[in-house]
Amino acid sequence: TESLREKAMTIVHRLTDKGFEACLVGGCVRDEQLGRPVKDYDIATSARPEQVIALFERTVPTGLQHGTVTVIIGKRPFEVTTFRKEADYEAFRRPSEVEYIDSLLEDLKRRDFTMNAMAIDREGRLIDPFGGRADLQRGVLRCVGEAEERFREDALRMLRCIRFAAEYNLQVDGPTWEALIACMPLLRHIAMERVRLELERMLAGNDPNRALELLSRSRALEHVKRELKLAAAIGPDSITDLKRIARDELRWAYLYLRAGVSPAEAAEDMKTLTFSKQMMEEIKRTAAAADMLAHGLERLDRSSAEEEEYRRLWLRTALQYGRETLRGIRELMAADALWFAARCSSPLAAGAVTRWCDHGHGWLQTMPAGELSELSVTGQAVLERLKAKSGPWTGKLLNRLLELVALGELPNETEALLQTAEREYVTMQKKG
Ligand code: ATP
Ligand code: MG
């Protein structure tokens, strides 16, 4: 079967056979030079979009306003973009109109960094007018042309700069870094959604800690459109190696915990960053569960508390926030036991935190039920046994049963549950 690159090259050949200029450009060339796997091959051509559409059997007009047509070869999509130059830059972001041009050189010139401004022609020759390969070889990230001008044209490039430097382990070239520092205030023109997308890619990338360090050194988060509490999390404080935390959501939760903001504030911040509600809820839950554990630990007298009390604290928290949340917390605590230990007012030893977490995992696995649907009775069955109509008390009663079962104090068996329900019902009625 044909590789992705071979498929891309058939597009280049088809276009050049018809007398157009065409080559592979951008990220794919960079990644090939670095010996990294290529995600997608992009093609640049002198052919106009309608000419591209006419030349291939299957095309999708995915970005006609930027001159982009997606060509499908053997079920794989390839973006074919007409050489262009970006006429006027509007409000420090994205050009207001594109102007098609006939020259590859001009097209490469509008690109952000030298490593992204290389091309490969139909013979496989590297076209590298700005010294991108040499920069990569000495490990340097550099703007094409005059850095300050390029950041003024499009402020998003500054965040891309930080992301690329971290992702590819590059030093930002002196003048490029100076221009970035000088242009930082322009970040206020970038939509928060774009900011989030870049931050997400940094955090999920190859070296998230380096990205945070560069964000901190450049004070980027202090310059974005809307104030972010997250800015406090990326201070000089030593945060743990984020790669020890597998899931992205948990990396975010960890940063907010480190920022020392309340779960509600974290959620507010994530809203500012236009995160999905689902992501927001997960982070908020994680932060709230971590709070519950930390406060619970503070209350336990460590000299005399029995393992049983630790177990109950862990399981109660699991009950309140869901077992999945607690699995995440275990991961966070293992990644930075020192910090979690110090967070309690009478600090635990880091070793104790780790041990406690490992126990916690075991406890979760033996937890007989973690949610109402796992109880061996339904609300309906309880109401029938009590000969009562449902009311606000029903949920309370069921949750009480769940707690008893979860903590291992009551077997998860129908008859035992119903009997306990009767007893609890009487007590509740007495209390009024
Ligand atoms: P990756 O997809 O891994 O982030 P990439 O280089 O493919 O890397 P894209 O955002 O997909 O990045 O853009 C493709 C190419 O378009 C880049 O390599 C670069 O040449 C150019 N480009 C993208 N965004 C900009 C920008 N804001 N300013 C100038 N050129 C850009
Ligand atoms: Mg790309």
Quiz item: So which residues in the range 28-60 are closer than 22 Å to residue 136 by Cβ, in a helix (DSSP H, G or I) and touching a residue at least 12 places away in the same chain (Cβ under 8 Å)?
Solution: 28, 29, 30, 32, 33, 34
Quiz prompt | Cross-chain or 6+ apart pairs with Cβ under 8 Å, the range 1-27 first and farther than 12 Å from residue 41 by Cα and assigned to a helix (DSSP H, G or I), then at pLDDT 95 or above and of a type in the set (Asp, Glu) | solution = 15/21
Quiz item: Of all residues in the range 390-432, which are more than 47 Å from the chain's Cα centre (by Cα) and either outside any helix (DSSP H, G or I) or modelled with pLDDT under 90 (or both)?
Solution: 429, 430, 431, 432
Quiz item: If you check 294, 246, which single one turns out to be in a helix (DSSP H, G or I), assigned by TED's automatic domain parsing to the domain that holds residue 355 and among the hydrophobic types (A, V, I, L, M, F, W, C)?
Solution: 294
Practice problem: Quick one: which residue in 154, 173 is within 13 Å of ligand 1 (Cβ to nearest atom) and not assigned by TED's automatic domain parsing to the domain that holds residue 34? | Solution: 154
Exercise. Please indicate, with yes or no, whether at least one residue in the range 193-212 is over 20 Å from residue 275 (Cα atoms) and assigned to a helix (DSSP H, G or I).
Key: yes
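The values are calculated or read from the model by the stated rules, or taken from the named source; none is laboratory data. The structure presented is a predicted model; accordingly, all values stated were derived computationally and were not measured. No Cβ is skipped: glycine too gets one built from the backbone with ideal geometry, and neighbour counts run over all protein chains shown.
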